[in-house]
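The values are calculated or read from the model by the stated rules, or taken from the named source; none is laboratory data. Since we're looking at a predicted model, the values are computed, not measured. All Cβ positions, glycine included, derive from the backbone under ideal geometry; neighbour counts span all protein chains shown. With ligands, DNA and RNA removed, areas are computed over all heavy atoms of the protein, side chains included. Shrake-Rupley method; radii C 1.70, N 1.55, O 1.52, S 1.80 Å.
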Amino acid sequence: MWLLYKTFLFSISIGVLTFSPARAVTSIDINIVKDGTHIKTIELILIKKMGYLKGIDIAEIFNADIDYKTSTKEVFLRWPVPKEERRADDYVSADIKFKIGSDIVVMEGIKRKMMKTPKIIKGKVYLPLEAVITRAFKSIAGAQIQWSFKDRTLWISYEGNIADSRYYTYNDYTRFVIELTRKLEYTTKVSGDLIEVMIKKAKLSVPTEEIKVNDGVINKVEVNVSGRGVEFTLKTGKDAGNSDIKNYPSPPRIVMDIKNKSASEKSREASRKMDKLPPHPAGPAKRDKVDIDNINLVVVDPGHGGKDPGAIGPRGTKEKDVVLAIAKKTATYIKKNLKARVLLTRTDDYFVPLAGRIKMANDKEADIFISIHANASFNPESEGFEIYFLSDSASDEEAQSVANMENSVVAMEQGTKNLSNVNSILWSLTMNQFLNESSELCSFINKEVIGATGLVERGVKQAGFYVMKGARMPAVLVETAFISNKREERLLNDKNFQDKIARAISTSLKGYRDWIKKR
Ligand SMILES: [Zn+2]
């Protein structure tokens, strides 16, 4: 009977691979397109909707060497020839290190957390697709990389110098960004409802013909490639007001802001209703910071406060008290070590609505937003340090429950819609153009805090935290330690420990500042 079952399994394994009855694995074919040419089709394996590529396939298509050390279960990707000397079919020397079963990958010497782990399937190394489409991987491979599940295609471009184009819809304006791999000459023409931007000698990394926006300010963007370069034509909508086109050096990009002429009063009204906060004396929130190359103002946000104690420890320690202490120390260190200004969203034990915290940071045009919390779990043994940046889908179930815990405070805010409405608001969370900077900032803080405190490293994670919604600067939420764990509750009350965390955060900001200056 068992033999028969095995033959049956083998016979259907072409399309659907089953490794254990519990876990269905499907494999699909995807296209690899390099600089506009289809070069081959490779297998993508899907496990719980997460994609995996064969290590040897990744190495081959990116001209790298792959090495698997069975003794340590480590997988190395190496590029033998320095990046700047590489032509499309050459190699570089940077390393990427994975480990089978571990969600930590080391790229450019920085530990990063992935959502899924590398696996050995049928004796072969499989690596999470998510690692390949990160900015760090692109920079190591020296290529523009784009993935579309819908098109079943991975685009790789060494020649393209238009890396990406995307838009962000805000209450009072829409921003269209064209990201370049290097500075390029361009001309603009505004006539009637058309805004034309011709980028000379440009090459698309990913074939794009049209981008539908339909937010009332921009209807769509047409993309035309010609011998002269690439032209973006923005067809504006009925709410389109004045436009403002600028370019920025790092990363090189052209940014177009088109005012929403019908939104001003409406948006002010909406935000007033939303935040139950008096209108800010300076008027509507100023435009996003586009180019952050220094850290002048940091907003430090001690979570909870007033009627909201936050989580409470087995010995009665209130989260609101320990995070305020850590926040104040962090502010002192940042002022001292970075010579930057610091604003605390609360300086004492009082209640501040969640939306009001990021509004403060936006209105003051802060360069960084750091929300400080203490973690809690029903499991009294849960321990360690973790740090978050924004996304609409949580890294894992645990991350989702931490976000739910922190977001639940909204229910305390008078007149605020109930949580389900808040959840529907969350959809706009990812409309944040600083996700990459936020994830980098997380890596810097994570490294310093773990180094300084020796806490268990739970890693850099993502989830939908309402307090970071609409952040117009890199924003992170720090879960310092578990107040629900007796030992860590004691630590959170300990001045030395608080000091270590505070100092580590300010030190990591220095590293981050150097990174943004260098990139
Ligand atoms: Zn909290």
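Here is how the numbers come out for the structure above:
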| item | result |
| --- | --- |
| Solvent-accessible ranking of PHE369, PHE389, largest area first, probe 1.4 Å | PHE389, PHE369 |
| Spacing of the two label points (7 Å from each Cα toward its C-beta) at GLU130 and THR72, in nm | 2.4 nm |
| Among 128-135, 374-381, 356-363, the order from most to least packed when residues are scored by Cβ within 10 Å on average | 356-363, 128-135, 374-381 |
| Highest-first arrangement of 176-184, 465-473, 39-47, where packing means the average Cβ count within 10 Å | 465-473, 176-184, 39-47 |
| For the range 25-156: accessible area per residue (Å², 1.4 Å) | 47 Å² |
| Of LYS49/LYS246; LYS49/LYS359; LYS461/LYS510, those spanning more than 28 Å from alpha-carbon to alpha-carbon | LYS49/LYS246; LYS49/LYS359 |
| Efficiency of FRET from Cβ geometry, ASN242 and SER139, R₀ 51 Å, rounded to 0.05 | 0.90 |
| Cα-Cα separations in the range 25-156 greater than 20 Å, expressed as whole percent | 41 percent |
| Paired Rg and Dmax values of the range 177-230, which use every Cα atom, in angstrom | 11.8, 32 |
